[in-house]
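So the structure is just underneath, and the comments pick up after that.
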């Protein structure tokens with residue numbers, strides 16, 4: 001007889017918060033995701049793999065701050081906003097996914113979450129299931145001219161070692177808007193600075209709305225944050241300022257165009273504007289930095 005037990009899922013707890021030994025016969029499942037866009041989209045491949053592992057026998061409820069990213073997800077029955085969640089419902093099994101999970105080991109979040117759920121992830125790229133309603137909102141939020149290249153800027157990060165110098169961002173945006181004639185759209189969280197070029201959508205979008213804007217663009221340029229995960233989830237090219245060469249190589253294997261220098265993650269600050277422009281040029285079919293006037297980067 002086939003077992004519903006998911007191997008290695010000893011981190012599961014029941015609705016009372018008590019640890020249980022794997023999944024055995026559970027049907028109503030709650031998965032709480034603590035964090036922002038990066039955490040939610042890192043959890044999506046693991047949740048999809050969990051549902052595939054048990055043959056769709058779980059009724060999965062996802063509770064997250066950016067729960068809208070799971071709307072229309074074929075493996076999720078219900079979505080709940082983490083901030084408004086009051087509990088009161090009974091679940092056979094619960095998992096809590098966050099950066100501080102004990103026993104998850106090292107490595108990318110998607111691998112750590114997969115270990116937490118006791119599954120093997122074959123397709124690591126997250127998915128967002130957009131629909132016609134999203135397309136209509138996309139057209140309202142950020143109309144564009146088809147002949148103009150649109151580039152989304154996702155500069156923000158809560159981790160200082162991943163941040164790029166603000167002066168370099170300003171110079172990059174000036175170059176892209178002035179020399180390339182690109183239509184720039186900047187996304188970000190509340191409190192982040194708008195660089196003054198293109199459309200200011202900083203702090204004005206839900207994560208799902210941001211996904212539609214990225215979907216309607218040609219390219220995203222950002223650091224290793226939630227915005228690059230959004231680009232991957234909606235199938236858009238992204239230049240990621242990765243920091244170290246090792247991190248850049250890992251992101252390249254995941255399908256991103258990554259820029260890295262040196263050995264440490266804090267090497268993001270040492271990345272030259274020229275390198276970012278050349279990477280963007282390769283993806284966008286534009287002339288690279290070489291051969292262009294360099295005054296803007298002085």
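Only one of the listed residues (62, 40) is touching a helix residue (DSSP H, G or I) at 6+ places or on another chain (Cβ under 7 Å), assigned by TED's automatic domain parsing to the domain that holds residue 93 and not in a helix (DSSP H, G or I). That residue is 62.
Can you tell which of 179, 190 is within 24 Å of residue 35 (Cβ to Cβ) and at pLDDT 80 or above? Only one candidate passes the filter, namely 190. When residues in segment 113-160 are screened for being in the same structural domain as residue 216 (by TED's automatic domain parsing), over 21 Å from residue 218 (Cβ atoms), over 15 Å from the mean Cα position of the chain (by Cα) and surrounded by 15 or more Cβ atoms within 10 Å (Cβ to Cβ), 0 of them pass. Do you know which of the residues in segment 131-168 that are in contact with a strand residue (DSSP E or B) (Cβ under 6 Å, 6 or more places away or on another chain) and not in a loop (DSSP other than H, G, I, E, B) is nearest to residue 203 (Cα to Cα)? Per the criteria, the residue is 154.
Before we move on, is residue 238 modelled with pLDDT of 90 or more, within 20 Å of residue 111 (Cα to Cα) and in contact with a strand residue (DSSP E or B) (Cβ under 6 Å, 6 or more places away or on another chain)? When the stated conditions are applied, residue 238 does not pass them. Here residue 253 passes the criteria (1) in contact with a helix residue (DSSP H, G or I) (Cβ under 8 Å, 6 or more places away or on another chain); (2) more than 21 Å from residue 161 (Cα to Cα) except the one numbered (1). For residue 124, the criteria (1) within 30 Å of residue 74 (Cα to Cα); (2) at pLDDT 90 or above; (3) in a loop (DSSP other than H, G, I, E, B) hold in every case but one, which is (2).
The values are calculated or read from the model by the stated rules, or taken from the named source; none is laboratory data. Predicted model, so just to flag it, every value in this text is computed and none were measured. Please note: Cβ atoms are built from the backbone with ideal geometry, for glycine as well, and neighbour counts cover all protein chains shown.
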